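These notes concern the structure reproduced below.
The values are calculated or read from the model by the stated rules, or taken from the named source; none is laboratory data. Quick caveat: nothing in here was measured; it's all calculated off a predicted structure. We place every Cβ from the backbone using ideal geometry, glycine too, and count neighbours over all the protein chains shown.
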């Protein structure tokens with residue numbers, strides 16, 4: 001029983017080994033470097049995929065870019081240098097933290113504009129409503145007379161019924 | 001209260017319908033939103049030293065792109081669209097269009113065999129086994145075709161297959177223009 005179990009486990013290892021080999025293994029000089037690698041893998045975007053970081057994607061291109069990031073870190077490049085290197089080749093699409101340019105400014109100004117327009121709308125409407133109310137609150141003799149006429153009519157009708 | 005304001009959401013909805021409708025129509029016409037603009041437009045071909053595909057040891061560098069307008073076609077045997085466009089590239093090369101091939105992250109033997117079997121439209125075939133020139137060019141999916149003018153400056157990048165429609169509509173006019181400029 002134990003023997004067959006062992007054989008089964010060995011077989012399992014043989015089956016799973018190739019999958020382990022497919023995960024790329026990187027060795028780093030320091031914990032800090034490893035941290036930088038993780039950060040870059042998460043902030044660089046895979047150009048082939050629409051919304052995956054190079055760390056998330058298993059596209060061949062993403063693997064290549066991870067490898068390149070690793071090599072550059074090993075060569076002592078700073079994070080910014082690596083990001084600039086990627087932008088020089090793939091454009092701002094490659095980073096999840098795009099710089100402010102005329103094209104991307106809508107990302108920053110858009111939400112602000114929505115807030116300003118929204119509050120502006122509320123403000124203007126509240127002022128208008130106040131104006132309407134103040135007009136209707138003016139009471140003059142004309143209205144007083146109309147009201148009296150109406151009340152009298154009502155009273156008369158009530159008496160007639162009784 | 002102004003009753004017209006009640007129609008604002010409807011108006012907003014209709015505007016959105018028009019915006020999305022226009023973009024969908026454009027997509028149907030071939031405007032692929034996943035296409036990336038190349039940042040290398042207006043820059044010279046990056047420096048490289050690569051071997052000839054069929055003759056290991058024979059080296060080329062970026063100077064091969066200077067002199068006359070060229071097409072640089074990035075291809076690989078693992079890429080089905082490359083297969084689809086190959087016959088048209090053969091036809092273009094027969095018509096005198098000068099094309100340089102960049103075999104990208106491929107098996108060398110398979111690539112040589114492919115050219116022997118399907119015909120070779122390339123003046124020069126570069127072998128970029130580890131994809132490093134591809135990386136410098138910002139290649140994100142084969143096939144890609146770059147239009148390079150006589151000064152070795154990248155002027156346009158086309159992603160996807162070259163076919164009679166896009167050749168006649170976009171690529172050929174530019175290629176002709178670069179030929180004129182070179183005179």
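Here are the numbers:
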read-out	value
Residues located in segment A:130-162, provided they are assigned to a helix (DSSP H, G or I), at pLDDT below 80 and more than 60 Å from the chain's Cα centre (by Cα)	A:157, A:158, A:159, A:160, A:161
Number of positions in segment A:46-61 that are more than 11 Å from every other protein chain (Cβ to nearest Cβ) and either buried (at least 21 other Cβ atoms within 10 Å of the Cβ) or touching a residue at least 60 places away in the same chain (Cβ under 8 Å) (or both)	1
Matching entry among A:60, A:82 (being at negative phi, modelled with pLDDT under 90 and in the same structural domain as residue A:31 (by TED's automatic domain parsing))	A:60
Of all residues in segment A:62-77 being touching a strand residue (DSSP E or B) at 6+ places or on another chain (Cβ under 9 Å) and within 11 Å of chain B (Cβ to nearest Cβ), the one that is surrounded by the fewest Cβ atoms within 10 Å (Cβ to Cβ)	A:62
Test: residue in segment B:63-76 that is surrounded by fewer than 15 Cβ atoms within 10 Å (Cβ to Cβ), within 14 Å of chain A (Cβ to nearest Cβ) and either at pLDDT 95 or above or in a loop (DSSP other than H, G, I, E, B) (or both)	no
Residue within segment A:6-22 that is more than 14 Å from chain B (Cβ to nearest Cβ), modelled with pLDDT under 90, under 22 Å from residue B:140 (Cα atoms) and surrounded by fewer than 10 Cβ atoms within 10 Å (Cβ to Cβ) present	yes
Those residues of segment A:83-108 which are farther than 24 Å from residue B:157 by Cα and touching a residue at least 40 places away in the same chain (Cβ under 8 Å), in sequence order	A:97
Residues (more than 23 Å from residue B:71 (Cβ to Cβ) and either part of a helix (DSSP H, G or I) or within 14 Å of chain A (Cβ to nearest Cβ) (or both)) located in segment B:20-44	B:20, B:21, B:22, B:23, B:24, B:25, B:26, B:27, B:28, B:33
Residue in segment A:92-100 that is in a helix (DSSP H, G or I), surrounded by 10 or more Cβ atoms within 10 Å (Cβ to Cβ), in contact with a strand residue (DSSP E or B) (Cβ under 6 Å, 6 or more places away or on another chain) and within 14 Å of another protein chain (Cβ to nearest Cβ) present	yes
Test result for residue A:39, farther than 30 Å from residue B:45 by Cα, in contact (Cβ under 8 Å) with a residue 40 or more places away in the chain and exposed (fewer than 15 other Cβ atoms within 10 Å of the Cβ)	yes
Checklist (1) without any contact (Cβ under 8 Å) to a residue 24 or more places away in the chain; (2) assigned to a loop (DSSP other than H, G, I, E, B) applied to residue A:118, failing item	(2)
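Yes/no per residue for (1) under 30 Å from residue A:94 (Cβ atoms); (2) in the same structural domain as residue B:149 (by TED's automatic domain parsing):
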residue: B:14; (1), (2): no, no
residue: B:20; (1), (2): yes, no
residue: B:23; (1), (2): yes, no
residue: B:65; (1), (2): yes, yes
